[in-house]
1. Suppose we filter the stretch 15-51 for residues that are in contact (Cβ under 8 Å) with a residue 60 or more places away in the chain and in contact with a Ser or Thr (Cβ under 6 Å, 6 or more places away or on another chain); how many remain?
2. For the stretch 287-305, how many residues are surrounded by 24 or more Cβ atoms within 10 Å (Cβ to Cβ), within 15 Å of the chain's Cα centre (by Cα) and farther than 14 Å from Ser201 by Cβ?
3. Is there any pair linking a residue in the stretch 252-279 that is assigned by TED's automatic domain parsing to the domain that holds Ala215 to one that is surrounded by 19 or more Cβ atoms within 10 Å (Cβ to Cβ) and of a type in the set (Phe, Trp, Tyr), with Cβ under 8 Å and at least six apart or on different chains, and which?
4. Please specify each residue of the stretch 163-181 satisfying the condition of being in a helix (DSSP H, G or I) and either in contact with a helix residue (DSSP H, G or I) (Cβ under 8 Å, 6 or more places away or on another chain) or not assigned by TED's automatic domain parsing to the domain that holds Thr387 (or both).
5. Any idea which residue in the stretch 218-241 is farthest from Ser343 (Cα to Cα), counting only those that are among the β-branched types (Val, Ile, Thr) and at pLDDT below 95?
6. Quick one: how many residues across the stretch 125-143 are surrounded by 19 or more Cβ atoms within 10 Å (Cβ to Cβ) and of a type in the set (A, V, I, L, M, F, W, C)?
7. Within the stretch 358-398, track down each residue that is surrounded by fewer than 14 Cβ atoms within 10 Å (Cβ to Cβ) and of a type in the set (Ser, Thr, Tyr).
8. Take Gln207 and tell me if it is within 25 Å of the chain's Cα centre (by Cα), in a helix (DSSP H, G or I) and surrounded by 14 or more Cβ atoms within 10 Å (Cβ to Cβ).
Amino acid sequence: MTRILLLSNGHGEDLSGALLGEKLKKMGHIVNALPLVGTGYSYSKANISIIGETKQFSTGGLGYTSIRGRLTELFQGQLIYLLKHLFNLIRRKPNYELIIVIGDVVPILAAWLTKLPFVVYLVAYSSHYEGQLKLPWPCKRCLKSARCIGIFGRDQLTAQDLTLQLKRPVQFVGNPFMDPIFTNQERLPQCTQRLGILPGSRNPELQRNILMILAVIELLPQQFNSHKSITMDIALMHTLDNKKLQELTRKQGWILAGNKLIRGDLVINIHRNSFAKVILSSDLILSMAGTAAEQAVGVAKPVLQLKGKGPQFTNAFAEAQRRLLGPTVFCANGRPGDFQNLSQTAELIFSLIQRSKKDPLLKQDCKEQAQKRLGTAEGSILMARMTTNFFNQYKNSF
């Protein structure tokens, strides 16, 4: 039995940390969490105790995606909040034997400063971005430390690249955040074709994203509007309830009736906390999301991005996501929110949803990219077992 602290910095990182933590708890370990960004909702949902206070910032901890985001975080006190967390971590380090980092250079540096042994799941970095990964200072030094007892990459290319750079083994065993999708048996009712819609999860960006998505849906070709065999389903989180949704969409002429948004012949089915069901049941995903888009690619679904105005899903973020996830992620030209981008996105929806059924080359490419970029199932249990082995070997070396 080992006393373990999970250290993460982001919504997707928290999800992977919680899934990994659940497996470690089942193996008999004592597991707590310190989310450096946001409320740690995934940990709370998994009944993993969070040390210290949590707070949600408007950028979702993703201010690095723009200068405006960085300034917003500074004014909102993100830096001071982070420093308090680091102080809390140093103060509580005697309570733990092992730290597991899920994220990037910030939690890696924090773990290194504790002088405790640590394992890293380097989910925030990939060699697919630039061909060869350029780790920010002082990340490489921390990863070469003797106290860094194990490293996991988020894809095979990154694992191979870092193995050469660090001159030590870097493992790729899949990604824990894929496990809920691989193991989910639930599906939406069958239909001829389905467009799944992923607007993201963070307010107020979520609300702006929904309005942009509805603007695209309104521009769909007439053939699509009258094609009753095509179903549209949107996955929404608890962060936007029906009352707020109705207030938001009424301005664009949409009516909320039960769990449906209706505007003339257009009908969008609403699903709460059902990202997995929507992803698995869809032929094409229209996305303004981060982790959920990765999950869609991981189960061989083509993804069409809609660039937003941030702070997360900006033009730059979307471009980086395409490099990360590969050629089965598509995006229209034009600036975020302008008519060219919205209308071309609508045209791509119509063409891609047809290709998803009829184009065997697209289907094959989706399968190949899923395996190459995200890996297979059971990433969390494999990571938990290997982490336990890393720590046992570390203890036995003394």
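The values are calculated or read from the model by the stated rules, or taken from the named source; none is laboratory data. A quick note: this is a predicted structure, and the numbers were derived from the prediction, not measured. Quick reminder, even Gly has a Cβ in these numbers, built from the backbone with ideal geometry, and neighbours come from all protein chains shown.
1. Counting residues in the stretch 15-51 that are in contact (Cβ under 8 Å) with a residue 60 or more places away in the chain and in contact with a Ser or Thr (Cβ under 6 Å, 6 or more places away or on another chain) gives 7.
2. The number of residues fulfilling the criteria is 5.
3. The qualifying pairs are Leu261/Trp254; Ile262/Trp254; Arg263/Trp254.
4. Gln165, Leu166, Pro176, Phe177, Met178, Asp179, Pro180, Ile181
5. Thr239
6. 4
7. Selection gives Ser397 alone.
8. Taking the combined requirement at face value, the residue satisfies it.
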